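Working notes for the structure below.
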Amino acid sequence: MNTIQFNGGHRFLISDAPSNSIYHIASQPIIGSVPPVTSFFKPKVIIKVGDKISGGQVLFYDKKNPFLKFVAPGCGIISNIKYGKKRVLELIEIKTDKKNDNFINFNKTSINKITSQEIVDKLIDSGIWPKFKKFPGFDFVPIDNFLKIELSQLYISLFTTEPHGLNINLLLSQKKYLDFFIMGLKVITKIFKEVHVFNNKDNVSKEINEVLEQKKNIFLHKILDKYPADNIGLQSWKMKSKNNDNNINISAVPFLIIEIGHLFSKGHIIQERFISVSGNGTKKKAHFIVNAGSPITSFVNSIETEKINDIRFIEGNILTGRQISSKDYLSDYEQSIQVIKEDRERIPLVFFRLGLNKLTLFKTWFSGFFPSVIRTPSTNNNGEERSCIQCGYCLNICPTELMPNILMKASLINDIEEMERMDIDECIECQLCTFICPSKIEIGHIIKSGKDFIKKEG
Amino acid sequence: MFFRQWDKLIKIANSTNGLLSTQKALLSGIDTFLRRPSNVTYRAPHVRDATDLKRFMMLVVVGLIPCTLFGIWNTGTNAYLSIGCQSTFFEAFLEGLLHVLPLIIISYTAGGICETLFAQARKHEIAEGFLVTGLLYPLICPATIPWWIFIIGIVFGIIIGKEVFGGTGMNIINPALLSRAFLFFAYPAFMSGDDPWIVKPFNKLDDGTLIPSNWTTIAEEKILMFINNTGGSIDALTGQTPLALATNISTNDVNTNINEFLHEIYSTWDMFIGNIPGSIGETSTLMCLIGGCILLLVGVASWRIMLSVLVGAYVTALIFNFVATPDTSSLMHITPIDHIVMGGFAFGMIFMATDPVTSPLHNISKFIYGISIGALCILIRTINPAYPEGMMLSILFMNIFSPFIDHYVIKYFINKRKEGVNRA
């Protein structure tokens, strides 16, 4: 099998990785449901405080797109609905039953008889549909387009290159999860035109290989093992150069396939989540099987520090993740939690030093000459923001061969024509340009704001 | 202990409205120079690369150290030679230090004041670009330059070359080179000709035992001897630097070789090592190469620009060598190697042309930019002998053209990327 090559990107070697041990965390008395963080989402809450609900019951849906339903992660009584500024829904807290096993049953049917329309309806009703992400845009998958065109391609990565993502090999080495995964694969091959599975090595496990041989519309690809090889944007861009098709590209994480497999073999949604916890701010760097919506503190044991804000909790990886607080609940959109110590130390005369232990992609520090040594990440900004000096490092690291700093300038002046000419849609939001910028400009966010501007203007 | 007192000062500056608060830019500049700022990332990516612009610019300064040290020694050596006596290494270095160090200090102070004033007015931090400009500028000036002219130059360069455009990163031309170009046209007597290149030594001036022979006389005697032997002729011996000398050699005699004339005074090896008269830092090609190696090793400068400047100059000089006849300008006869080791070519190639702000962005445009600089430099040197130092003018010229080159190259590659995606 040919390895799909790409320029740019970087293989991050970062300390405090999660170990391969798995811990089971018991059911929690209070769980929470967190709405997705996107500006184009207006939730309509259809339950109120005191309601008794069962797992899988719809809590809220999107006003514009009613097919985006979000369901309860467990059963119990709604204890609190929290709104933020402008009455934006922030959190729904559920006081769980002791057993926490009352789930809505979506009748089991044999997958050989079921039609693709029925499968999609089931995925919508069970709240799984919003977990698919569309590219370009990293957005929810619109249902009308999907059914009309039926050109959609699904991308699944059986590995992760994110700095401390979930170990997917470990996830799929669990017998029960592997069974659900196989089941899920069989289901999704019925509704998507093509399913592309990406791996960083040649061989996949025997069970997955069987499915690959049975189904005609599922393909295995091997891709270079460096960040962000598991990003759908990069993968679809590489596939586009081969296929010459303007497909709708949809991404799914392996755990989503497991959820689908669970839904179709057991009849109700899966309650467990498989999460990795890593970083130098936590005592237990490992994988956890927890119930959906559990509070972060139920499985993260952060180290003790003088001040509370000396520890940073990140949902997702350290490059693209979202900062959360220790009081938050586990959301359904990321599979890993990073706990990092804040680095506010003021090192004297830092840039006269040799820099023997710096996380850097430049050779300006001594450690830059040894890229294969594991480094500790630091949350320090490592400098102040300056104007762009056109060093060109963002051009060299961009995995999709865009020109980030020119895109940035186009975004700053809201020049839609220029942005579209530069293929702004193909920015995969990997944040490598922001990471590497020596002027400390948030290039990635500026490009994102340009994308949002285009979306707003239509 | 020091930092504790320093923190107090910063705190007072931030809280009061008095004199100190007007110096916020200066204080925060010194503060972040002394210690890494404590600011942490507040959103993705939560981790940033350890390199910032301060480190970038610091490494360029490190790359300039060999040139600076050699320039100091060379200034001292030539000062002693001009009064006709030999000097030890330390004597020469000390002598050079007395002439060069004040210039470096003045450059940093005057430039720093401009930079701070503008940063204060804009309520920005002080940008790091001036760390490099402040050292580049004295190195491309003659050591004899009067201080008042020197100050006018750096103030002009910083304000007109950089600050009016919005500071480091926004400038379209290299501020250090602009300063020099300004002085070159405004005060030509102090920047060109035969006088400015050699300083008068502070020591031993009144020592009666020394023979008060002029450096020019030594060279003159050498040349006259050579003319007598070969039958060539020289119009006027006005130039001290190799380039000026080469300009003034006339080629009336078909049998004489221009290069032999030149090498009689300055051998290629001398020009490569750099113990010849000239601007403080740019005489030594060897030291520029050492600095260039440092820059390439740490990845601060672009090897594409350096290589293409070299290739552009070499090829152009070679072409001129082919078309040169005895009637044409004497500089047409100079070999490519001599062109490269002469004057400020190496210094410009390594430290000036590679300035990321004023050079193009795309890798391909870097090649175009570099080749144009090299070719233009030789063109100005040979075709227009009024300005023998073509490197300064060609770099300034191409600085203005670099956005233009980028515009078309990037346009081409965007279209190619689209085609590539659709076709392959």
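Nothing in this text is a laboratory measurement; each read-out follows from the coordinates by a stated rule. Note that the coordinates shown come from a computational prediction; the quantities given were computed from them, not determined experimentally. With ideal geometry, Cβ positions are generated from the backbone for all residues, glycine too; neighbour counts draw on all protein chains shown.
When a footprinting reagent is the concern and you count Cβ atoms within 10 Å, what order do A:Ile406, B:Ile104, B:Ile373 take, fewest first?
B:Ile104, A:Ile406, B:Ile373
Mind checking the mean number of beta-carbon atoms from other chains within 10 Å of the Cβ atoms in A:348-357?
The mean count of partner-chain Cβ atoms within 10 Å per residue comes to 4.
Quick check on the exposure proxy: order B:Ile414, B:Ile350 from fewest to most C-beta atoms within 10 angstrom.
B:Ile414, B:Ile350
What is the mean number of Cβ atoms from other protein chains located within 10 Å of the Cβ atom of each residue in peptide A:372-384, rounded to a whole number?
If you average over the peptide's residues, the count of other-chain Cβ atoms is 6.
Sort A:335-343, A:410-418 by the packing proxy (mean of other Cβ within 10 Å over each peptide's residues), most packed first.
The peptides rank, most packed first, as A:335-343, A:410-418.
Among the listed pairs A:Lys222/A:Lys409; A:Lys358/B:Lys411; A:Lys48/A:Lys327; A:Lys63/A:Lys455; A:Lys134/A:Lys284, which are separated by more than 25 Å between their Cα atoms?
A:Lys222/A:Lys409; A:Lys358/B:Lys411; A:Lys134/A:Lys284
Just check the protein assembly as shown against the gyration tensor rule for me: Cα atoms, a ≥ b ≥ c as the square roots of the eigenvalues, rounded for a/c under 1.5, and otherwise prolate or oblate depending on whether a/b exceeds b/c.
Because a/c hits 1.5 or more and a/b exceeds b/c, the protein assembly as shown counts as prolate.
Which of the three applies to the range B:84-140, rounded, prolate or oblate, going by the alpha-carbon gyration tensor with a ≥ b ≥ c and a/c under 1.5 meaning rounded?
Here the range B:84-140 falls in the prolate category.
Hey, could you grab the Kirkwood Rh for chain A? Inverse mean 1/r over distinct alpha carbon pairs, Å, one decimal.
23.4 Å
Would you please put A:206-213, A:226-233, B:406-413, B:31-38 in order of how densely packed they are, using the mean number of other Cβ atoms within 10 angstrom per residue and starting with the highest?
Peptide ranking by packing, descending: A:226-233, B:31-38, B:406-413, A:206-213.
At a 4.7 angstrom Cβ threshold, list every cysteine in chain A that has nobody to pair with, or say none.
Lone cysteines by the Cβ rule: A:Cys75, A:Cys388, A:Cys391, A:Cys398, A:Cys427, A:Cys430, A:Cys437.
Using the Kyte-Doolittle scale, find the helices of chain A whose mean hydropathy is at least 0.0 and whose Cα atoms extend 27 Å or more along the helix's long axis, counting only whole DSSP H runs.
The answer is none, since no helix passes both cut-offs.
For the range B:94-124 and the range B:314-362, what is the separation of their C-alpha centers, rounded to whole Å?
After rounding, the separation between the Cα centres reads 31 Å.
Compare the peptides A:51-63, A:86-98, A:278-290 by average per-residue count of other Cβ atoms within 10 angstrom and give them in order, highest first.
Descending mean neighbour count gives A:278-290, A:51-63, A:86-98.
Tell me the mean residue ellipticity at 222 nm calculated for the protein assembly as shown from its helices only (DSSP H runs of n ≥ 4, each -39500 (n - 2.57), averaged over every residue, nearest 500).
-13500 deg cm²/dmol
Taking each residue of A:425-431 in turn, how many C-beta atoms of other protein chains fall within 10 Å of its C-beta, and what is the average?
Going residue by residue through A:425-431 and averaging, the value is 1.
For a quick check: sort B:Ile12, B:Ile294 by the number of other beta carbons within 10 angstrom, fewest at the front.
B:Ile12, B:Ile294
Give the separation of the Cα centroids, the range A:357-397 to the range A:297-318, in Å.
Here the answer is 25 Å between Cα centres.
Give, as a single signed number, the net charge of other residues whose beta carbon lies under 13 Å from the beta carbon of B:Arg4, with Lys and Arg counted +1 and Asp and Glu -1.
Once positives and negatives cancel, what remains is +3.
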